[in-house]
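Novice: Take a look at this one; I'll ask things after.
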Amino acid sequence: MTNASDLLNIVCQVRDELTTVAGVNVVVGFAPSLWAALSPSNQPEDLADFSDMEANGIRLRAAQHDMWVWLHGASTGSVLDAALQAKRTLAGSAELVAEQQSFGYGASQDLTGFEDGTENPPIDEAPAVISLPASSPAAGASIALLQRWVHDLDAFAQMDEDTKERVVGRTLVGSVEFDDNPPRAHVERVVVEDDDGEEREIFRRSTAFGGASEHGLMFVGFSGDPTLMRVMLQNMIGQEDGVTDYLTDISTASASAWYVVPTLEQLRR
Ligand code: HEM
């Protein structure tokens, strides 16, 4: 890595060039440890680099990198152009060590066929959901969880329709939630309530990846609370109560990382 101010200047260039030239959206995130070094006064509390989480025989493997550049756009070619440009711009400052192409599947569906994102907050409410509050030293920035989930679609295909729907706790057609879900259903595991019984929201923008031999979901979630998604993960692996998420029977988290996604203003400052 180069020195901190050089790196930040280069990252700002990446964003400036790509958003105007290629029609591609760019999100840049930093490992909590790197962000602490780059911008110590803007460090969110209660956030560290991802380390392996394990309970009940389920392991969520860490694959924490210093920086994450997320490019997304309607055209695969434009996204690739933008990726090449970002790589060139960052050459000498950062080395590309991992990349994953992904794609929108069906009508915002996971490869299992379930609609993914039904319970996302509406777009006008999303900024408040994903931004750290004014009381945080990193107010306005967002916390991202990036996870590569590898699916066993053959195992899923062998389940009968009723069992499949109970895995998530929603219907495959129409994404309607059941009101009598088993405790292992995904939506039962990831719903976290506040002291008033209100559901705590996150914003998810996950996409499918892979081919015929290996495939799954690139989970991308944003929150304005550094601990909320960690609690969801703990619930999925049954860390506190031993109740695991059915999804973990058919999917394995092969790579996980936390990133601080600063606002443009914080980056430039
Ligand atoms: C194999 C990986 C995963 C798959 C296939 C998956 C799929 C789904 C599906 C199909 C739904 C129901 C529709 C919707 O509201 O979007 C859902 C809901 C949800 N998921 Fe996941 N998910 C995965 C991992 C995760 C992870 C890692 C988290 C959090 C750390 C998470 C958090 C949520 C939340 C908060 C909801 C909304 C629950 C509600 O309010 O009813 N999911 N997911």
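Novice: Kindly establish whether Ser102 is of a type in the set (S, T, N, Q) and either farther than 22 Å from Leu217 by Cα or away from the ligand (no atom under 14 Å from the Cβ) (or both). Spell out the reasoning first.
Specialist: Details: of a type in the set (S, T, N, Q): yes; either farther than 22 Å from Leu217 by Cα or away from the ligand (no atom under 14 Å from the Cβ) (or both): no.
Taking the combined requirement at face value, the residue does not satisfy it.
Conditions tested, residue by residue: (1) touching a residue at least 24 places away in the same chain (Cβ under 8 Å); (2) not small (Gly, Ala, Ser).
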residue: Ala144; (1), (2): yes, no
residue: Trp149; (1), (2): yes, yes
residue: Leu153; (1), (2): yes, yes
residue: Gln158; (1), (2): no, yes
residue: Thr163; (1), (2): no, yes
residue: Val168; (1), (2): yes, yes
residue: Val173; (1), (2): no, yes
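Novice: Can you tell me how many residues within region 224-264 are in a strand (DSSP E or B) and within 9 Å of the ligand (Cβ to nearest atom)?
Specialist: Of the residues in region 224-264, 4 are in a strand (DSSP E or B) and within 9 Å of the ligand (Cβ to nearest atom).
Novice: Now a separate question. Could you list all residues from region 170-219 that are of a type in the set (A, V, I, L, M, F, W, C), near the ligand (Cβ under 10 Å from one of its atoms) and not in a loop (DSSP other than H, G, I, E, B)?
Specialist: Selection gives Val187, Val190, Phe203, Ala208, Leu217, Met218, Phe219.
Novice: Considering only residues that are surrounded by fewer than 20 Cβ atoms within 10 Å (Cβ to Cβ), over 19 Å from Met229 (Cβ atoms) and not small (Gly, Ala, Ser), which ones fall in region 39-55?
Specialist: Listed by number, the list holds a single entry, Pro40.
Novice: Moving to a separate point now. Scan Asp110, Asp160, Asp152 and give me the residue that is crowded, with 19+ Cβ neighbours inside 10 Å and modelled with pLDDT of 95 or more.
Specialist: Residue meeting the stated conditions: Asp110.
The values are calculated or read from the model by the stated rules, or taken from the named source; none is laboratory data. Just so it is clear, the structure is predicted and the values come from calculations on it, not from any experiment. Here Cβ is always computed from backbone atoms with ideal geometry, including for glycine, and neighbour counts include all displayed protein chains.
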